Structures are given as structure tokens and as C-alpha cells.
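Since every read-out is calculated from the coordinates, none of them should be taken as a lab result. Computed from a predicted structure; not experimentally measured. Reconstructed Cβ throughout: ideal geometry from the backbone, glycine too, with neighbour counts over all protein chains shown.
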Amino acid sequence: MVTKNRYASETLSTLEQEQNTQYKAKQEEYQSLKEKVASISDPSVLEETIAQYKKQVKDLEALCKKQQEVNAAKKHAFLEELNTAMIALDEFLKNKRIQLDNFDSKVENSKQEAVTLSEADQALLLLS
């Protein structure tokens with residue numbers, strides 16, 4: 001029985017704390033909304049708020065434009081780097097193709113210059 005009472009008491013205490021926290025948050029939200037309504041009803045405050053928002057919009061647009069310029073510069077640098085790499089790869093492949101062609105030519109030349117054995121010589125090789 002004592003354990004049930006203690007559990008109920010702790011549960012009640014926890015619920016009260018949660019409700020108090022929620023109540024304070026709702027009160028702060030209510031106060032904030034009340035201040036906003038009061039400021040909107042005053043034309044000078046409303047104009048000042050609009051001016052602040054317009055300034056924020058201009059600042060954000062400037063920031064956006066600057067970021068676009070930075071991104072464009074990065075893209076340009078990347079494309080330049082990629083182009084340089086592609087040119088280097090093309091040169092490398094050309095050199096390898098030339099080396100392969102030279103090697104093929106040497107193989108063909110060595111085939112043409114190859115010594116052919118007569119049938120008697122070939123028979124001797126097979127016997128030994």
C-alpha cells in the first residue's frame with residue numbers, strides 16, 4: 001500500500017511538473033503573441049517592422065548572390081582542372097599507343113627476320 005501511494009505521489013508530482021512546464025511555455029507564447037498584436041496595431045511599429053524585414057530580405061538576397069558567385073567560381077575551377085586532366089590523359093594514351101605501335105613493328109620485323117630451319121634440322125631437334 002505504501003509503495004502504491006509513493007508511486008502515485010511520484011506520478012502526480014511528475015505530471016504536475018510537466019503541466020507547469022507546458023503552462024509556462026503557453027504563457028510565454030501568449031505573451032509573445034500579445035506583444036505582436038500590440039505592435040501591429042501601432043502603425044509606426046508596423047512600418048519599422050516592415051523596414052526590418054525588407055532589410056533582412058536585401059541582406060539574404062546579397063548573401064545568396066555572393067554564394068552563387070562563389071559556387072560559379074568553384075565550378076569554373078573544377079571544370080578547368082577536369083579539362084587539364086583530360087588533356088593529360090589524352091597525351092598519355094597517345095604515347096602508349098605510339099609505344100604499342102613501335103612494339104608491334106618490332107615484333108613484325110623480328111618475324112620477318114626469323115631464321116627458318118630446314119626439315120632435316122627440325123627432325124634433328126625433335127630427335128634430341
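Listing for the model above:
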quantity	calculated
Single match in L46, L63, L33 (criterion: within 36 Å of the chain's Cα centre (by Cα) and surrounded by 10 or more Cβ atoms within 10 Å (Cβ to Cβ))	L63
Close pairs from segment 43-62: first in contact (Cβ under 8 Å) with a residue 12 or more places away in the chain and small (G, A, S), partner in a helix (DSSP H, G or I) and exposed (fewer than 10 other Cβ atoms within 10 Å of the Cβ), Cβ under 9 Å, at least 6 apart	none
L124 being surrounded by 10 or more Cβ atoms within 10 Å (Cβ to Cβ) and not in a helix (DSSP H, G or I)	no
